[in-house]
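Where a number appears in this text, it was derived from the coordinates with a stated rule and is not lab data. The shown structure was predicted, so the numbers you read here are calculated from the model rather than taken from an experiment. Please note: Cβ atoms are built from the backbone with ideal geometry, for glycine as well, and neighbour counts cover all protein chains shown.
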Amino acid sequence: MILKVIPVGPLAVNCSVVADEETGEAIIVDPGAEAEKILDSVKELKVVGIVATHGHIDHVGQVGRLKKEFEVPFFMNPLDNFLINDEIWQGFGSYIGAVPCPEPDIHLKEGHEIKVGTLKFKVLHTPGHTPGLCCLFEESRKVLIAGDLLFKGSVGRWDLPGGNLEDLKKSVKRVLSELPPDTLVICGHYDETTISQERAFNPFARELLED
Ligand SMILES: [Zn+2]
């Protein structure tokens, strides 16, 4: 598996390029900003899909641009359609250079599987940060692309439009209890982590797991 995590834009959103090294097929996850940087990273690869973990504009800001470039389907949970062109804060869209985002062609749902060559990404619907947030879990490589569900030492915000603290608690608890401890977690921003590290050191998670 080829995994490139590319921090993009002023909020350092982690755009992930995940490819099957045998076939060169790749998906781009959360292309929020800096399309040129993302395009550079997929030059040798065959892009077969664009995925958004959730609809916040800092994660979908370049979906429109990349869809034009590659003419491939865009995957997202449609519960987040109301967010994709919402600026969150006035002027934020132009600040990060966002282009209009189309609605998803393929609707991500719990239990779906996205196949990329020999890679298989299970879709986990884990709402709370947004209603439609979905994580992607590659079981045989033990990699979770978590979007803004979980961060190293922290969890996603629940105070933005569509956020819900109770849902977020359930979702964080679910991934920390269900996934193997040595799963690598690519977070929506900043550092990567592992499930075992968060079980041990994440203050929010520890509280949740005690419940
Ligand atoms: Zn977000």
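Among 34-45, 12-23, how do they line up from the highest to the lowest mean number of other beta-carbon atoms within 10 Å?
Working: 34-45: 15.8, 12-23: 19.6.
Most protected by this proxy first, the peptides run 12-23, 34-45.
So if we plug the beta-carbon distance of LEU3 and GLU210 into 1/(1 + (r/R0)^6) with R0 = 35 Å, what FRET efficiency do we get, rounded to 0.05?
Values: r = 33 Å, r/R0 = 0.93.
After rounding, the FRET efficiency stands at 0.60.
Once both labels are modelled 7 Å past Cα along the beta-carbon direction, what's the ASN81-ARG199 spacing in nm? For ASN81 paired with ARG199, the spin-label model returns 3.9 nm.
Under the combined filter of DSSP loop state and at most 12 neighbouring Cβ atoms within 10 Å, the stretch 90-151 retains these GluC sites (Glu not before Pro): GLU110. Label point of SER154 set 7 angstrom out along Cα-Cβ; within the stretch 1-39, amide nitrogens under 18 Å from it belong to 7-15.
Given a cut-off of under 8 Å on Cα pairs at least six residues apart, what relative contact order in percent is computed for the chain? Spell out each step's value before the answer.
Details: 519 pairs, mean separation 33.6, N = 211.
Computed over the chain, the figure is 16 percent.
At full extension, GLU69 and SER94 could sit 6.9 nm farther apart than now, given 0.36 nm per residue minus the alpha carbon distance.
Comparing PRO31, PRO181, PRO104 in a Gaussian network model of the chain, where Cα atoms under 10 Å apart are tied by springs, the biggest mean-square fluctuation is seen for PRO181.
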